[in-house]
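Peer 1: Sharing a structure with you now.
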Amino acid sequence: MVSIMHANGEVGTIQPLAEISRITKEKKVVFHTDAVATCGTIPVNVKELGVDALSLAGNPFYGPKGSAALWVRRGVRILPLLDGGIQEGGRRAGTEDIAAIIGMGKAIEIALRDMADRGQKLTKIRDMLIHGLLSKIPHVVVTGDLIKRLPGHASFCVEFIEGEGMLMLLNSQGVAVSSGSSCTSRALKASHVLLAMGYSHEIAQGSLLFTMGIQNTPADIDHVLNVMPPIVERLREMSPVYSKFLKANKGGQ
Amino acid sequence: MPVYSEKVMDHFMHPRNVGEIENADGVGEVGNPVCGDMMTFYIKVKDNRLEDVKYKTFGCGAAIAVSSMVSEMAKGATIEEAQKITPESVAQMLEGLPKQKFHCSNLGAQALNKAIDDYLMKTGKLKANENKCCPFCDHEDSESDPVCREGCQIKNPEIKSS
């Protein structure tokens, strides 16, 4: 069995599932995708993607938290994770949460109706943020693909500083973001996604993730672009890694 | 993000004594960016007292607050007094640190002590201890530093986290 995320929540990249499913079909391997980040955000069609099973959740498209669904192609047989009752055709024991199911159904109805409009707005402010930060702050890298990327998702690594400090200072300015640095994780390990993509520990420590939603406006992005450069500068000024970099660069010139 | 004490937040938002000292009498560097925290302390010594203490820190909120607190505790202290600063006393002055932050972020006292050792060695008051070596690659290291100078833990970060 092959299981691949449709889009990665940490770096925003949308994976080429249709291309992958051509291979899995040829090799007769069951293909599952975790489409939690994409369902309700961008068009998702199981036929076009060629997947045999797909998971989705309600909260990314403003459905009730805790609501989710698993779609399985007819003919694909699964073993239940929860044993006991005979609910959902014996595939998942436990009384169904009707309110969550109805809520998720309504949310996806609205998400599909507004998808093009939402996508356009989110892509616009996302690109505003990405290009704005890249032009205002030196030594910043965008993680993940620039084009095949979730709308409303912008992820970066800011060199020479660590993510938690940025996160706390941004929070004090009313900006809520997340980071994959080892300090922000419970396990105190840098993001395995960024390390697997070939980023060094040093760079991964400075990771920062912005996710934008339908309530966000271009004015919010302007606010981030105003408050973020001084925060980065402040932390870099006290970073021994940055002063080493500056000294090494001076010596090279 | 962990919940920090008011004192930690104060030192994080308004860190004291940040910077470098040119021609410092002692410099101590601990940690590396792999584990997420790195601190460099600089000291200026006059008449056996730490006349000035400055630092640079790469790390989380706790690491920044710890450096700031250590610099405050050490500035103006005698060498002997400054050597008594421990991670525990720093955490106490900061009104506590989150449990998971205690080991990796609380490097300030260690960095300060390394700067003091550096000063004492430079002035011939302390001899390098040649009986120490890195537990991971047997490279002999004269310093009381958990990170091997050969950088073996940077190549094998898994060893350290396990």
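Peer 1: Based on alpha-carbon atoms only, what is the radius of gyration of chain A relative to the globular estimate 2.2 N^0.38 Å?
Peer 2: Normalised Rg, Cα atoms only: 1.17.
Peer 1: List, in order, the whole-Hz ³J(HN,Hα) value for each residue of the range A:58-74 obtained from phi through the Karplus relation with A = 6.51, B = -1.76, C = 1.60 and θ = phi - 60°; use x for Gly and Pro.
Peer 2: My calculation for the range A:58-74 gives x, 5, x, 10, 6, x, x, 5, x, 7, 7, 8, 10, 9, 10, 4, 4 Hz in order.
Peer 1: Within 10 Å of each residue's Cβ, count the other Cβ atoms and sort A:R73, A:R22 from fewest upward.
Peer 2: Ordered by Cβ neighbours within 10 Å, fewest first: A:R22, A:R73.
Peer 1: Over chain A, what is the relative contact order in whole percent, taking alpha-carbon pairs under 8 Å and six or more residues apart?
Peer 2: Result for chain A is 16 percent.
Peer 1: Using a cut-off of 9 Å between beta-carbons, work out the net charge of the residues near A:Y242 (Lys and Arg +1, Asp and Glu -1, A:Y242 not included).
Peer 2: Net local charge, A:Y242 excluded: +1.
Peer 1: Taking the Cα centre of the range A:32-151 as the origin, how large is its charge dipole in debye, to the nearest 20, when only Lys and Arg (+1) and Asp and Glu (-1) carry charge on their Cβ atoms?
Peer 2: 300 debye
Peer 1: Using per-residue counts of other Cβ atoms within 10 Å, averaged over each peptide, order B:79-89, A:60-70 from highest down.
Peer 2: In descending order of packing, they fall as A:60-70, B:79-89.
Peer 1: Continuing with the same structure: Measure nothing fancy, just the Cα-based angle from helix A:163-172's long axis to the longest principal axis of chain A, in degrees from 0 to 90, nearest 10.
Peer 2: Tilt relative to chain A: about 90 degrees.
Peer 1: Could you work out how far helix A:17-26 tilts from the main Cα principal axis of chain A, as a 0 to 90 degree angle to the nearest 10?
Peer 2: For helix A:17-26, the angle is close to 50 degrees.
Peer 1: Among A:S243, A:I214, A:M228, which residue has its Cα furthest toward the positive end of the charge dipole of the range A:211-253, with +1 on Lys/Arg Cβ and -1 on Asp/Glu Cβ?
Peer 2: A:S243
Peer 1: A further question follows. So what are the ³J(HN,Hα) numbers for the range A:5-11, from phi and the Karplus equation (6.51, -1.76, 1.60; θ = phi - 60°), rounded to whole Hz, Gly and Pro as x?
Peer 2: 5, 5, 9, 7, x, 8, 10
Peer 1: List the equivalent ellipsoid semi-axes of the range A:10-71 in whole Å, largest first, each obtained as the square root of 5λ for an eigenvalue λ of the Cα gyration tensor.
Peer 2: For the range A:10-71, the ellipsoid semi-axes come out as 23, 13, 9 Å.
Peer 1: Taking θ = phi - 60°, what integer Hz values does the Karplus form 6.51 cos²θ - 1.76 cosθ + 1.60 yield along the range A:105-113, in sequence order, with x for Gly and Pro?
Peer 2: x, 5, 5, 6, 4, 5, 4, 5, 4
Peer 1: So, with +1 on the Cβ of K and R and -1 on the Cβ of D and E, and no other charges, what is the size of the charge dipole of the protein assembly as shown about its Cα centre, to the nearest 20 debye?
Peer 2: My answer is approximately 1180 debye.
Peer 1: Still on this structure, please answer the following. Please count, across chain A, the pairs of lysine residues with Cα atoms under 17 Å apart that sit 8 or more places apart or on different chains.
Peer 2: 5
Peer 1: Taking every alpha carbon pair in the range A:147-228, what does the distance histogram look like in 5 angstrom bins from 0, in percent?
Peer 2: 3, 15, 24, 24, 18, 12, 4, 0
Peer 1: Where the convex hull is taken over the Cα atoms of the range B:1-107, what is its projected area averaged over directions, in nm²?
Peer 2: Dividing the Cα hull surface by four gives the mean projection, 6.3 nm².
Peer 1: So for chain A, taking the charge dipole from beta-carbon charges (+1 Lys/Arg, -1 Asp/Glu), which of A:H131, A:L167, A:A69 sits furthest toward the positive end?
Peer 2: Sorting the options by dipole projection puts first A:A69.
A short reminder: the numbers here are calculations on the coordinates, not readings from a lab. Since the structure is predicted, the reported quantities are computational estimates derived from the model, not experimental observations. Neighbour counts are summed over all protein chains in view; Cβ atoms, including those assigned to glycine, are modelled from backbone coordinates with ideal geometry.
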